[in-house]
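Just below is one structure, and these are the notes that go with it.
The values are calculated or read from the model by the stated rules, or taken from the named source; none is laboratory data. Since the model is a prediction, treat every value here as computed from it, not as a measurement. Cβ placement follows ideal geometry from the backbone for every residue including glycine, while neighbour counts extend to all protein chains displayed. Heads up: the accessible areas ignore ligands, DNA and RNA and are worked out on the full protein's heavy atoms, side chains in. Shrake-Rupley method; radii C 1.70, N 1.55, O 1.52, S 1.80 Å.
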Amino acid sequence: MDPNNPPWWTSAVVYQVYPRSFQDSDGDGVGDLGGILQRLDHLSDLGVDVLWLSPVYPSPQADNGYDISDYQGIDPLFGTLDQLDELIAALHSRGMRLVMDLVVNHTSDEHPWFLESRASKTSGKRDWYWWRPPRGGFGSGHPGAEPTNWQSIFSGPAWELDAASGEYYLHLFAAKQPDLNWENPEVRQAVYAMMRWWLDRGVDGFRMDVINMISKDVAADGHLHDGPPIPGTGLGDGSASYICGPRIHEFLQEMHRDVFAGRDAALLTVGEMPGVTVEQAQLFTDPARGEVDMVFQFEHVGLDQGTSKWDVRPLRLVDLKASFGRWQAGLAEVGWNSLYWDNHDQPRAVSRFGDDSPRYRRDSATCLATLLHLHRGTPYVYQGEEIGMANYPFASVDDFRDVESINHFAAAMVAGQDPATVLAAMRRMSRDNARTPVQWDATEHAGFTSGTPWLPVNPDHDEWNAAAQRHDGSSVLAHYRRLIALRHENPVVALGAFAMLLPHHDHVYAFTRALGGQTLLVVCNVSSTPYALSDLLPQAVGAPLVLGNLPDPGQTLRPWEARVLHAS
Ligand code: NOJ
């Protein structure tokens, strides 16, 4: 990274819009492009540089749009292509950019490519997906006949039988999301052509859904390998065969050459990569290799989990420091980090890592934000995070809408687990926590819709909403605004070298950022226990404050207090 000529996204902040929950403009209870167009002042006011838009393409909505049936259109649920063009123009005129979601590990089973592929074993598109006969010695449809033992990420086997042909197709996610076969060059060329079409339309980059799963480890004879058994499921973990598979770098370099080359300086590309290691991320994000600008890694959002995401454990702050510290160091000389707490797949950060009780909700939300935004990397803000939105009080299993949660509950019941325990974990970890409508104001449906929202609005919206915070300088919203402005104004925040302090302290997260003779010292109390600063970091006592989340800073670092200081 040349500090004299850094890419634009090193000082940018991205805001993610999950369209079905952002703003409804036509009263059907589902957010849409018209709604986004109405709310652009909120984004300008916050100061973000980029809008990442989760999928708005035609889709049967089996996974809320991550199951696409037409890559080059807009689902009528969300609006029209004209409105998308309007959104591009409106963002550009406000100095913001638009990053689209690119979901090309799989399509919908209703995509014409899959319909054609499924139509017959001799179809010209048969090889565009992963079709396999039953396992040797098994009749199709018999338990254990699946071609591999892989468990789907959304529970159950990762193979679905097509009764007409007697063959199975692979779906790492829901059965309605068949995996594309990237081994086939026609698939790759079709995807690249579609991407160019969007760039030519004016979009400014892509967030690439589970892009490190597109290369599968397949033997020359087409055989796919079983994975180690997952206890209690009868299935196996196939991830070694599809996480960062053998051709992943080749595919991304080819994509870069065929799609981005010559125009990449203006774009932002971020690959969502579950299971990626920091060593692999160096390769993915080294500009000299021409792959992606940055990746979403998952290490820190796995620290509060045991055997699966539903096995919830308390987060140990020292583990978070070790993890973030390694990623900061690993991508210091080459590559770049993306920084996030929240997105549409994660429960709300203030409930998960902060303290959403009335006493500490505002302070913990602003503390977590300060901690994250002062790291080196590009921060991502997920809609509602900037107003401190919290998890939803789900009463029963019927309250959930997400395919992952619903499938998990069903599989857990079949496995004989205790419903109350399963429900308790879902309350904490379900993706629906992130998907309740944005709380714009204190009216009945929080200003989200005039109809009935597809997922209920959190009852706490009477107090926690954007309108209440907009003109309140002490609000969570005002604090995000200040953090974003600080990144824009101060090159140390964007580019400064990172050094972790107090790696073994259980509650206080501290680090420095240094560039060209200027050093910032960041101190965050990630707990409700006060600490005397002189015991912890004497150099922080009396240091000039650049930005803090509590008024009147003194000698004690108060519960959930965060300070950014000038270090001498
Ligand atoms: C990751 C996306 O973020 C998630 O929402 C989706 O369910 C899966 N990929 C499958 O597309």
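To keep it simple, each residue is scored yes or no on (1) touching a residue at least 24 places away in the same chain (Cβ under 8 Å); (2) within 16 Å of the ligand (Cβ to nearest atom); (3) touching a Pro at 6+ places or on another chain (Cβ under 9 Å); (4) of a type outside the set (D, E, K, R).
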| position | (1), (2), (3), (4) |
| --- | --- |
| Leu303 | no, no, no, yes |
| Gly306 | no, no, no, yes |
| Lys309 | yes, yes, no, no |
| Arg313 | no, no, no, no |
| Gly325 | yes, no, yes, yes |
| Ala332 | yes, no, no, yes |
| His344 | yes, yes, no, yes |
| Arg348 | yes, yes, no, no |
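Restricting attention to region 131-156 and to residues that are part of a strand (DSSP E or B) and open to solvent by 50 Å² or more (accessible area, probe 1.4 Å), the residue that is farthest from Asn64 (Cα to Cα) turns out to be Arg132. Every residue in region 394-439 that is hydroxyl-bearing (Ser, Thr, Tyr) and within 16 Å of the ligand (Cβ to nearest atom), please. Residues satisfying the conditions are Ser405, Ser430, Thr436.
Residues are listed down the side, and each one gets a yes or a no for (1) open to solvent by 10 Å² or more (accessible area, probe 1.4 Å); (2) charged (D, E, K, R); (3) over 23 Å from Tyr509 (Cα atoms):
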residue	(1), (2), (3)
Ser357	yes, no, no
Ser364	no, no, no
Leu372	no, no, no
Gly377	no, no, no
Tyr380	no, no, no
Ala395	yes, no, yes
Arg401	yes, yes, yes
Ala424	yes, no, yes
Arg427	yes, yes, yes
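Does region 157-174 hold any residues that are hydrophobic (A, V, I, L, M, F, W, C) and either open to solvent by 30 Å² or more (accessible area, probe 1.4 Å) or closer than 21 Å to Ile211 by Cβ (or both), and which are they?
As a first pass, look at region 157-174 and keep what is hydrophobic (A, V, I, L, M, F, W, C): 158-159, 161, 163-164, 170, 172-174.
Correct list: Ala158, Leu161, Ala163, Ala164, Leu170, Leu172, Phe173, Ala174.
Picking from residues in region 190-201 that are open to solvent by 20 Å² or more (accessible area, probe 1.4 Å) and touching a residue at least 24 places away in the same chain (Cβ under 8 Å), the one that is nearest to Val270 (Cα to Cα) is Arg196.
None of Ala261, Ala265 is open to solvent by 10 Å² or more (accessible area, probe 1.4 Å) and either of a type outside the set (Gly, Ala, Ser) or free of Cβ contacts under 8 Å to residues at least 40 places away in the same chain (or both) except Ala261.
Working only within region 175-189, note down all residues that are more than 16 Å from the ligand (Cβ to nearest atom) and open to solvent by less than 30 Å² (accessible area, probe 1.4 Å). Listed by number, the residues that qualify are Asn181, Asn184, Val187, Arg188.
Candidates Asp460, Asp441: the one that is open to solvent by less than 50 Å² (accessible area, probe 1.4 Å) and not in a loop (DSSP other than H, G, I, E, B) is Asp460. Within the span defined as region 108-127, every residue fails to be open to solvent by less than 20 Å² (accessible area, probe 1.4 Å), within 16 Å of the ligand (Cβ to nearest atom) and among the charged types (D, E, K, R). Within region 261-281, the set of residues being within 16 Å of the ligand (Cβ to nearest atom) and of a type in the set (Asp, Glu) comprises just one member, Glu272. Among the helices (runs of 4 or more DSSP H) confined to region 467-568, the ones with at least 1 residues that are among the hydrophobic types (A, V, I, L, M, F, W, C) and closer than 25 Å to Thr10 by Cβ are located at 476-489, 491-495.
Test Asp552 against the criterion of being closer than 21 Å to Ser474 by Cα and free of Cβ contacts under 8 Å to residues at least 40 places away in the same chain, and give yes or no. I'd like the intermediate steps shown before the answer.
On the way: closer than 21 Å to Ser474 by Cα: yes; free of Cβ contacts under 8 Å to residues at least 40 places away in the same chain: yes.
It is true that Asp552 is closer than 21 Å to Ser474 by Cα and free of Cβ contacts under 8 Å to residues at least 40 places away in the same chain.
Based on this model, can you work out whether Pro157 counts as away from the ligand (no atom under 16 Å from the Cβ) and closer than 28 Å to Met426 by Cα? Here the answer is yes, as Pro157 does meet what is asked.
One line per residue, one yes/no per condition, for (1) modelled with pLDDT under 95; (2) open to solvent by 50 Å² or more (accessible area, probe 1.4 Å); (3) aromatic (Phe, Trp, Tyr); (4) outside any strand (DSSP E or B):
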site: Met1; (1), (2), (3), (4): yes, yes, no, yes
site: Thr10; (1), (2), (3), (4): no, no, no, yes
site: Gln16; (1), (2), (3), (4): no, no, no, no
site: Gly29; (1), (2), (3), (4): no, no, no, yes
site: Leu37; (1), (2), (3), (4): no, no, no, yes
site: Asp63; (1), (2), (3), (4): no, no, no, yes
site: Asp67; (1), (2), (3), (4): no, no, no, yes
site: Leu77; (1), (2), (3), (4): no, no, no, yes
site: Glu86; (1), (2), (3), (4): no, yes, no, yes
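Filter region 298-343 for residues that are part of a loop (DSSP other than H, G, I, E, B) and touching a Ser or Thr at 6+ places or on another chain (Cβ under 6 Å); which is surrounded by the fewest Cβ atoms within 10 Å (Cβ to Cβ)? Among residues in region 298-343 that are part of a loop (DSSP other than H, G, I, E, B) and touching a Ser or Thr at 6+ places or on another chain (Cβ under 6 Å), the one surrounded by the fewest Cβ atoms within 10 Å (Cβ to Cβ) is Glu299. Looking only at residues in region 39-58 that are more than 19 Å from the chain's Cα centre (by Cα) and under 26 Å from Gln72 (Cβ atoms), the one that is most open to solvent (accessible area, probe 1.4 Å) is Arg39.
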